[in-house]
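Each remark here refers to the structure printed beneath this line.
The values are calculated or read from the model by the stated rules, or taken from the named source; none is laboratory data. Keep in mind the model is a prediction, meaning the values are calculated, not measured. Because the Cβ atoms are built from the backbone with ideal geometry, glycine has one as well, and the counts that use them run over all protein chains shown.
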């Protein structure tokens, strides 16, 4: 069972390995573009390797199996024994999906389901070096096909063991028998009755003895003809005994001859390359000389040299695998981008709940600060004012520092896109390049999560509807490969996200027609829509029904949902498009959700907060200058017409019967491309407020997104402009 | 006994740390690869080094070589953690001066045995 393991460690593993898996999916897509990037191959190899290692301790065997096979594929790849192809990538990505699936299962306290045997088989087949030329073909290509692990070059054994002597064979059998499968012996033994054993026989013998998949290494044993020491380097793995004797051998001082013989003999005991404890012991003995201090460095290495040489020689010939292994290990070095040093020492994992709490408390502090500021401003006491302005500075710093702790690079979301685009493009038979900028832009963790789905949807849209098929593109005189650009940047206290494609663009007339067909507008109204308004039509509910149904991932997010979601984040979304050139979608969201800059206004004697994002401008208006168009009051500002609303009549009880004033303040607010004017009694000023959700009774009141406490200690309702207009306008 | 655990995967460090703690070795430090481990070893007066093989930056093998090349550290006992007991790797590590190896996954008992063996050998 997987859950005997320390639960805490399991959780840690899930988090950390989860990060590795996320990175893997990015790296894999990268790899397809740069199939020869050795560093990348190493990194991917290490990724699977690390996950496997951790899973091993947690007894997640299914996970270990899948990762192991995937790791082998990359071991083959990084040793240049095979090249990256789309087919290979499909299999590997499928494996990664499988691993992710198992991950989710483990997360849900289930036992992970092992990957389909077909998948493992496919992976194992890919772990084989490409059978192309060289000795493989010339000797015997067949037996290799089943070989699974640690056999970068199985052809070698085949080449070597053409003439094994009976003696050797007997010895080998003895060795094997002791270890693994005594039952298997007689059959192959008789099969190999002649002086020469055939490759096939030998292979199958090994299969029998070790079980398929492990045998590859065993073969080399036979090479060194007459010397009994030969079988030493049997498989790939070394047993403890072997290791011991190896150490003995290496450190052995004067008597290395004898010592040399010893490890070999003992090594013969196990014919696979797994070193045994005993071997290791004797290896150490040889290296250090029994009882001798490890000092005396001079003679030791010298002595050691010939000894390993003897051993290494057959080993080398027999097993080219060893050769690549060492350089590979070395190759690890440059590729590392010097990981954040000593991560274990300087970082702490904190539950986001705790961060939320801290953020909340800082919010309260901001409120108190606002209140004190107001009081301080009113008092004449100079010391008081100084203290308050000090408090102001400290609170602002604290607020931004706490915000920093909640910040995450947008990379977290962007990281999914290469894979999304790749899969979708392959499905749709399009050629698409995804370029990303500003992945390191930080924003609030909650925002990162909230933005994820809408962004995925928009990117899918660009790929699906934006970019044309390669042939169409070619005809239009564009490069076959489409380009989708995803960028993020910080602009003041906002984040700007841009999704751009160089596809077909949108035709405003088609959109107009559609809008009329769907009954959203009358023909004449539709005709009057500006281009931008037309593009924004795709966000109208019910406009993009087709997508909702065809959404492959079944996420079911239509464009209207995207818009709503962005709206919930106090963000804005905008579309630009030009026929034949492509579309550009711009999303603007605040850096954080917890604290919002607002414009405080008064209606009667009640304060309200208007999100500053929505506010375009404020001015003083002589209300006699308003016009009436289409039965609605409007004002003209710099040749633009804005509808005018008296929100006081909506929001303040009994205000509708008040006589109209002749002068008033007007706030122009914007939602998307739509701009309207609100008539208010009084403008208080800009204030940062902490959003407190409305109580259960009031939750969902149209036009209100929450409440806050103002600097003068009163409660102000925070207006939600879109829903306000929708409900009253 | 002061022990340095080197692994790039923090979960693994924690696992090893817990196992060591189960064996009564509570004075442990962690490093995430050879590059961070080496300066720590040079200044930290460690009595024992447990290192993973496969790490970015500086691998366990390179760390081992660096340790053996350093006069102050050359007699530091080193236990190598590997995923597979590949002969070529182990032989290379032994030649480079490793004192023991242990294959993942392992239990506290196995770890104990490995550590005991290493000290037996050093003391003999």
**Message:** Filter segment A:397-415 down to the residues that are assigned to a helix (DSSP H, G or I) and under 26 Å from residue A:497 (Cβ atoms) and list them by number.
**Reply:** A:399, A:400, A:401, A:402, A:403, A:404, A:405, A:406, A:411, A:412, A:413, A:414
**Asked** Counting only residues that are in contact (Cβ under 8 Å) with a residue 60 or more places away in the chain and within 12 Å of chain B (Cβ to nearest Cβ), which one in segment A:41-77 is nearest to residue A:96 (Cα to Cα)?
**Response** A:68
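Conditions (1) at pLDDT 85 or above; (2) farther than 25 Å from residue A:366 by Cβ; (3) part of a strand (DSSP E or B), marked per residue:
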| residue | (1), (2), (3) |
| --- | --- |
| A:608 | yes, no, yes |
| A:653 | no, yes, no |
| A:656 | no, yes, no |
| A:660 | no, yes, no |
| A:669 | yes, no, yes |
| A:689 | no, no, yes |
| A:694 | no, no, no |
| A:698 | no, no, no |
**Item:** Single unsatisfied condition, residue A:659 versus (1) surrounded by 12 or more Cβ atoms within 10 Å (Cβ to Cβ); (2) under 27 Å from residue A:704 (Cα atoms)
**Value:** (1)
**Message:** Residue under question is residue A:106, and the condition is that it be within 14 Å of another protein chain (Cβ to nearest Cβ), closer than 23 Å to residue B:7 by Cβ and out of contact with any strand residue (DSSP E or B) (no Cβ under 6 Å at 6 or more places or on another chain); does it hold?
**Reply:** yes
**Complete:** Filtering segment A:496-546 down to residues that are in contact with a helix residue (DSSP H, G or I) (Cβ under 7 Å, 6 or more places away or on another chain), modelled with pLDDT under 80 and farther than 24 Å from residue A:671 by Cα yields none
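One line per residue, one yes/no per condition, for (1) free of Cβ contacts under 8 Å to residues at least 40 places away in the same chain; (2) over 21 Å from residue A:59 (Cα atoms):
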residue	(1), (2)
B:10	yes, no
B:20	no, no
B:30	yes, yes
B:44	no, yes
B:60	no, yes
B:109	yes, no
B:121	yes, yes
**Prompt:** Looking only at residues in segment B:72-87 that are surrounded by fewer than 24 Cβ atoms within 10 Å (Cβ to Cβ) and more than 15 Å from the chain's Cα centre (by Cα), which one is farthest from the other protein chains (Cβ to nearest Cβ)?
**Reply:** B:72
**Message:** The conditions are (1) at pLDDT below 50; (2) more than 10 Å from every other protein chain (Cβ to nearest Cβ); (3) crowded, with 19+ Cβ neighbours inside 10 Å, and residue A:313 fails exactly one of them. Which is it?
**Reply:** (3)
**Message:** Every residue in segment A:685-707 that is more than 37 Å from the chain's Cα centre (by Cα) and in contact (Cβ under 8 Å) with a residue 60 or more places away in the chain, please.
**Reply:** A:685, A:686, A:687
**Request:** Among what's in segment B:47-71 and is more than 12 Å from every other protein chain (Cβ to nearest Cβ) and either modelled with pLDDT under 85 or surrounded by fewer than 23 Cβ atoms within 10 Å (Cβ to Cβ) (or both), pick the residue that is farthest from residue B:21 (Cα to Cα).
**Result:** B:70
**Fill in**
Checked segment B:88-104 for anything more than 8 Å from chain A (Cβ to nearest Cβ) and either in contact (Cβ under 8 Å) with a residue 60 or more places away in the chain or closer than 21 Å to residue A:54 by Cβ (or both); matches are B:102, B:103
**Item:** Any hit, segment A:453-476, residues being out of contact with any strand residue (DSSP E or B) (no Cβ under 7 Å at 6 or more places or on another chain), touching a residue at least 40 places away in the same chain (Cβ under 8 Å), surrounded by fewer than 18 Cβ atoms within 10 Å (Cβ to Cβ) and under 14 Å from residue A:417 (Cβ atoms)
**Value:** yes
**Asked** Within segment A:9-17, can one find any residue that is surrounded by 23 or more Cβ atoms within 10 Å (Cβ to Cβ) and either outside any helix (DSSP H, G or I) or without any contact (Cβ under 8 Å) to a residue 60 or more places away in the chain (or both)?
**Response** yes
